[in-house]
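Here is the structure we will look at.
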């Protein structure tokens, strides 16, 4: 007899797992279908920066996306504390800000120009001198001429976060099944799921939270959303304690220190690439960018290097909510691009309410699947 659930979440990254935790609070019977053995989640490759101040972009979704990021940033201290308490483990959450450095007047002018739009959106950001930046981060190069300090930005260790969420879900929400979804078909009022490990499940509701993985043909009569892979490469150096204390963003690289002694340096981006090979020249370029900002990093040994796939959308914003055409009770939680970790708390809370019919806490209409007029690809 096949197992039956209220909700099946397709995807075991931070979005899928955070949603499973939120749905548990709504008393739903949840199963998470996790294909990580075949398709590593973007969370594994992320640096864990929680920095909406550095994600303001042009485009018709820019202000809306910043507001959503800022809402999530406000939620993160309580979210982190709850995850750590339930999992009994640290996820290395820090709210000590982000420092964006400039080496010349042109770069400093670009950072300065970003402050008024940020202020208009309610963000705190200020320009400081190179000397002030070095007082905050003594390892910064003498060539750093100025910096933008975003004091409210934060960071977390995404690998520790993923492990903590997996523990919470497995112990309190429902099973995490290591398999790929091969097909989902509507059968009377439920969906029949066929998994790559041979299991068959039934679920009343489906949530597609599968990151950059191809979705064409997975769910019967559902047009795949316009999510495409954006490959990124990064590396980690073994860092002496305290060499870099907070996130530093520089032209050509960002530096993100972790409590376990890693200094994560990233990241490249290639739209439309779905391979996980790591290019030596790309890594060398990231190391040069890091060394320009903090020369001492040039001598640090490399601990690991990796590639990951970010789920990108045409307007750089996520796709959230009920699928408007096709069978009922299918939801998307896709397309978070570089900000899946940042956007996890409010995404999970809002979607859980929408799925279970609760009172809305966040307006997800700007991120609705139908904003692309049905165009898409898998």
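Could you grab me the full set of residues in segment 241-261 that are assigned to a loop (DSSP other than H, G, I, E, B), at negative phi and without any contact (Cβ under 8 Å) to a residue 60 or more places away in the chain?
241
Which residues, counting only those in segment 252-273, are loosely packed, with under 15 Cβ neighbours inside 10 Å and in contact with a strand residue (DSSP E or B) (Cβ under 9 Å, 6 or more places away or on another chain)?
Residues satisfying the conditions are 259, 261, 269, 271, 272.
Could you list, in sequence order, the residues of segment 149-171 that are in contact (Cβ under 8 Å) with a residue 60 or more places away in the chain and farther than 22 Å from residue 35 by Cβ?
Across segment 149-171, the qualifying residues are 150, 152, 153, 154, 155, 156, 157.
Give the residue, chosen from 344, 350, that is touching a helix residue (DSSP H, G or I) at 6+ places or on another chain (Cβ under 6 Å), crowded, with 23+ Cβ neighbours inside 10 Å and at pLDDT 90 or above. If you could, list the steps in order and put the result at the bottom.
Values: 350 fails: touching a helix residue (DSSP H, G or I) at 6+ places or on another chain (Cβ under 6 Å).
Within the list 344, 350, the selection yields 344.
Checking the condition in contact (Cβ under 8 Å) with a residue 12 or more places away in the chain and over 24 Å from residue 243 (Cα atoms), which residue from 130, 122, 97 passes?
122
Residue 290: closer than 12 Å to residue 234 by Cβ, surrounded by 15 or more Cβ atoms within 10 Å (Cβ to Cβ) and modelled with pLDDT of 95 or more, yes or no?
yes
With respect to the numbered conditions (1) assigned by TED's automatic domain parsing to the domain that holds residue 245; (2) crowded, with 17+ Cβ neighbours inside 10 Å, which one is the sole condition not fulfilled by residue 136?
The number of the failed condition is (2).
Select the strands (runs of 3 or more DSSP E) contained entirely in segment 295-378, then report the ones holding at least 3 residues which are touching a strand residue (DSSP E or B) at 6+ places or on another chain (Cβ under 7 Å) and outside the structural domain of residue 28 (by TED's automatic domain parsing).
302-312
The values are calculated or read from the model by the stated rules, or taken from the named source; none is laboratory data. These numbers were taken from a predicted model, which means no experiment stands behind them. Cβ atoms come from the backbone with ideal geometry, glycine included; neighbour counts cover every protein chain shown.
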